[in-house]
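Notes for the one structure printed next.
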2 protein chains.
Amino acid sequence: MDAAMGMAKIANGDLPDGLIDRLKAIVGAKGWVTDADALQPHVTEPRGLYVGRTPLLLKPSTTDEVSRILALCNSSRVGVVPQGGNTGLVGGGVPHADGGEIILSLARLDRIREVDPLNYTLTVEAGCILADVQAAADAAERLFPLSLGAEGSCRIGGNLSTNAGGTGVLRYGNVRELTLGLEVVLADGTVWDGLNRLRKDNTGYDLKHLFIGAEGTLGVITAAVLKLFPKPRDVATGLVAIRDLPAVIELLSRLRAASGDAVTGFEYIARIGIDFATAHVAGIVDPLAKRYAHYALVELSTPAPDGDLQNVLERLMAAAIEDGLVIDGVIAQNSAQAQALWRLREAVAESQKFEGGSIKHDVSVPVSRVADFIAAATAACTDAMAGIRPVPFGHVGDGNIHFNLSQPKDMDSDAFLAEWPRINRIVHDIVVGMGGSISAEHGIGQLKREELRRYAVPAKLDLMTRIKHALDANNIMNPGKVL
Amino acid sequence: MDAAMGMAKIANGDLPDGLIDRLKAIVGAKGWVTDADALQPHVTEPRGLYVGRTPLLLKPSTTDEVSRILALCNSSRVGVVPQGGNTGLVGGGVPHADGGEIILSLARLDRIREVDPLNYTLTVEAGCILADVQAAADAAERLFPLSLGAEGSCRIGGNLSTNAGGTGVLRYGNVRELTLGLEVVLADGTVWDGLNRLRKDNTGYDLKHLFIGAEGTLGVITAAVLKLFPKPRDVATGLVAIRDLPAVIELLSRLRAASGDAVTGFEYIARIGIDFATAHVAGIVDPLAKRYAHYALVELSTPAPDGDLQNVLERLMAAAIEDGLVIDGVIAQNSAQAQALWRLREAVAESQKFEGGSIKHDVSVPVSRVADFIAAATAACTDAMAGIRPVPFGHVGDGNIHFNLSQPKDMDSDAFLAEWPRINRIVHDIVVGMGGSISAEHGIGQLKREELRRYAVPAKLDLMTRIKHALDANNIMNPGKVL
């Protein structure tokens, strides 16, 4: 949206004389990029919503280099934008368009520092790609449960800075709950070694939670101690058609209790999502013969090798059909079938772009209000624009719905997208009225900064501002993001 | 230890003229105590380590009253000591001896505001007794898993302010992990309504974690939204004798994986603990015929009614015996037998006072270092004092060991207790050398303030100080605790 501003001025002029050379000297020849073409992917938000500008990207390879960079930028009053895989969806990882900030890429800080299977922990540097973190855990016969679409390119430091969620939150929590310790470089270059490997530690304020989810505005996370779990040995996956929205939530509650809290996935899909996915993504088929309004992808898993989950899921589904909650369904008979069901779920997200413009909402409400929310938001949006097509889907087990809206079939795409703020307001008012969140997992960045000002209680904004000032008095850490 | 100072001076003189009357007027006739005898239990730390002094205890019954009290104390620069059930063990909940602080009791803020079984949440006020919170969850067919010795008298606000642990941490986490939202009154009287009922919310800094575990130094927690879980329907409990310390940890790791992560209790007890418990506590018997060096109390539980856990535990134990990890053991055949095993565990803690002086350590190390720690600390303490008797026990599943030391049999109790600082130093040096914590679950309060200064990295103390100043510039919130 700010893309036009990206052309406004030449950037170099905004940095103090000689600073770029001094910063280059800290990281050495392999550690910097100034070429405009090479910088382009680093200044562009993945959906193209923001295109920024910078004269310099630094790629330090040690925590000490990060420390020296921040100390120098702090004394020079130059803004620093930390960047991982640049897969965020709210413009938090790209610089502003005035060219006065540098990018600090964590990509070369990518070592696995320690694996401790007996302590169920992994110590990693911020630049590790999420899939590599998962693989390191797997090699030690353990599970690191964070899983999301971008896992092949996003980096754990970005996951931590945005408190990433994904599909495993219901059972394992957000990345915040998966973190025992952090190493952070503060705005003035001080290194806080908080690489705690402990389950229990009550020695003063728990500082790690300040930096997790702060989107790089309070310091740079350089390493983390992550929690591991026993590796699942038995998994059962199914896709079921469900009577109505209240039954979706009722089914989830029953499954949690009856399975011994083994529900590790519970993803809602409305019929239109199945239609989009089967129409536009190669190889995706609807596994059920008839059409229904509401579906859930259900996954149970347990580390016990003899969990007998296939039978457990079949038995639970038979009972739910008898009680009228579930109408139809399939249970995967092997891992290939299970993967096909998950591909269907991922295809729901991918396929929307083939249906024209899409106005997106990453929101959450209490789990007990999910059905009310989808009904109310659908009604309000349909009232506001004839022909608009709601595509609700997502992690309803956590109350998190991706409430996306595809344009009316015959509308101009740009005209539709121009309605983004109006439709946002309608949906966010309903969300906040139900005690919900206008950003369940993607964060604030640039995209939702004004929305945060509108909806957050003043005491929260005031506390955030006081903390920001206490930790980054010169406002060099990712300025203009979040706050 | 500071008890003598309690007699130093008359307190009233330290408060500004007329302040007490203005504070009394906020809470009304039922809301204050000034009688010295009635105040006595509120100024005395439960083990008698600290006896403070105050002219006034206030018992507000609404959040608004708390707000008005803090606004007035802040403008008058008068220290406020928040107090729940006064069951803490580090002197964090009692005033200093100079009489210049008031106590703010949360005892009358004790309503259950909401139970939402479908959302698996409970909204409670800070003064609710923990056992009442558990009961409210149970009545809704849910589990609130926080469980600890003082649950009949401690209050949830105190549990939150000290990030309480207890026996369920291994499976469910500390109270920090059990909290979705908070209502907090800040030092200047501002009320922050952060009573979030959401599983996922990435709208800015996660402020609740600042107040949880801050021991009342950053504000007063007045209400909280707590996470609930499916209620266990199947429980299996056993006491096993284990080959050696490394085998204790190996057994835990195996049990977690093989039981489907159903280990909800895993408590280590050294032989001397069984000897103390059976010698001094009525009705406690050793369920095994022979004597062994190391024991663990193991509990598996699951919400699935047909979990078959009794058989699972028997099978796992048979395999562990075959592999030489476990030497002997019993599995409870009914809930009365299970309760007897838990009483034995509780009696280990109670019985130490009958063996003379006891120097206590509430420490944690990475789970993979527990065996090393107990061996090293035992050797060092025995070297430092002939005849000293280590009584290690506790939640080793979280790396949390209560490493207590009973006095040599023939020693004077006071002479032994005079060695508290020297022995602390020996044990804490070993703990910190292993990346451990000198306060795993009890907090800092007054007791460990100097130890925190000694062992915490300077960057952490500096960050804590900056945050304290940003949130409580006049230092009225529980002054002189933690920092």
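The values are calculated or read from the model by the stated rules, or taken from the named source; none is laboratory data. Everything quoted here is computed from the prediction, not taken from an experiment. Here Cβ is always computed from backbone atoms with ideal geometry, including for glycine, and neighbour counts include all displayed protein chains. These area figures cover heavy atoms from the full protein model, side chains too; ligands, DNA and RNA do not enter into them. Shrake-Rupley method; radii C 1.70, N 1.55, O 1.52, S 1.80 Å.
In a fully extended conformation the segment linking B:Asp306 and B:Val330 would gain 6.5 nm over its present Cα-Cα distance, using 0.36 nm per residue. FRET efficiency for the B:Asp429 to A:Arg343 pair, using the beta carbon distance and R₀ = 41 Å, is estimated at 0.15.
Counting Lys and Arg as +1 and Asp and Glu as -1, what is the net charge of the other residues whose Cβ lies under 13 Å from the Cβ of B:Lys460? My count for the surroundings of B:Lys460 gives 0. Taking the DSSP bridge list for the range A:228-369 and keeping only pairs wholly inside it, about 100 percent are antiparallel. Look at where the Cα atoms of the range A:382-401 and of the range B:196-260 average out, and the two centres are 33 Å apart. Summing +1 for each Lys or Arg and -1 for each Asp or Glu among the other residues whose beta-carbon sits under 12 angstrom from that of B:Thr121 gives +4. Residue separation of B:Glu350 and B:Ser76 scaled by 0.36 nm, minus their Cα-Cα distance, works out to 94.3 nm of gained length. Amide hydrogen proximity for A:Thr302: with H placed 1.01 Å from N in the peptide plane, the residues at 5 or more positions away or on another chain lying under 5 Å are A:Arg233, A:Asp234.
Relative to the Cα centre, the charge distribution of the protein assembly as shown, modelled as +1 at Lys and Arg Cβ and -1 at Asp and Glu Cβ, gives a dipole magnitude of about 900 debye.
Accessible surface ranking for A:Glu450, A:Glu419, 1.4 angstrom probe, highest first: A:Glu450, A:Glu419.
Figure legend: label point modelled 7 angstrom from the Cα of A:Ala386 along Cα→Cβ; no residues of the range A:422-449 have amide N under 14 Å from it. In the assembly of identical copies, B:Thr382 has its label point, taken 7 Å from Cα in the direction of the beta carbon, separated from the corresponding points by 7.7 nm (ascending, one decimal). The phi torsions of the range B:214-229, fed into the Karplus equation with coefficients 6.51, -1.76 and 1.60 and a -60° offset, translate into couplings of 8, 6, x, 8, 10, x, 10, 6, 10, 7, 8, 9, 10, 7, 10, 9 Hz, rounded to whole numbers, with Gly and Pro shown as x. Placing a label point 7 Å from Cα along the Cα-to-Cβ axis, A:Ala415 is separated from the same position in the other copies by 9.7 nm, shortest listed first. Students often get this wrong, so check it: of B:Lys360/B:Lys481; A:Lys360/A:Lys448; A:Lys460/A:Lys481; B:Lys360/B:Lys460, which have C-alpha atoms separated by over 22 Å? Pairs exceeding 22 Å: B:Lys360/B:Lys460. Bridge orientation summary for chain A: considering DSSP beta bridges with both residues in this region, about 90 percent are antiparallel. As a size descriptor, the averaged projected area of the C-alpha convex hull of the protein assembly as shown was calculated at 40.2 nm². In terms of overall dimensions, the range B:146-252 has a Cα radius of gyration and Dmax of 17.4, 57 angstrom.
Given the DSSP H assignment, sum -39500 (n - 2.57) over each helix run of at least 4 residues in chain B and divide by its residue total; what's the result at 222 nm in deg cm²/dmol, nearest 500? It lands at -10000 deg cm²/dmol.
In nanometres and ascending order, the distances from the A:Ala318 label point to those of the other copies are 2.8 (point 7 Å from Cα along Cα→Cβ).
Spin-label model, B:Leu461 to A:Asp410: label points 7 Å out along the Cα-to-beta-carbon direction sit 7.4 nm apart. In this structure the amide hydrogen of A:Thr121, modeled in the peptide plane, comes within under 5 Å of the amide hydrogens of A:Asp116, A:Leu228, none closer than 5 places in sequence on its chain.
Note on chain A: Cα-only Rg and Dmax are 23.2, 75 Å. Placing a label point 7 Å from the Cα of A:Lys24 along the Cα-to-Cβ direction, the residues of the range A:51-66 with a backbone N closer than 20 Å are A:53-62, A:65-66. If you average the alpha carbon positions of the range B:289-338 and of the range B:108-131, how far apart do those two centres end up, in angstrom? A separation of 34 Å, based on Cα centres.
Note on the range B:259-321: Cα-Cα pairs beyond 17 Å make up 53% of the total pair count.
Mean partner shielding of peptide B:188-200, defined as the number of other chain Cβ atoms within 10 Å of each residue Cβ, is 6.
Calculated on C-alpha atoms, the gyration radius of the range A:352-483 divided by its Kirkwood radius gives an Rg/Rh of 1.03. What does a probe at A:Arg271 reach in the range A:340-376, counting residues whose amide N is under 18 Å from the point 7 Å along Cα→Cβ? Answer for the range A:340-376: A:348, A:374-376.
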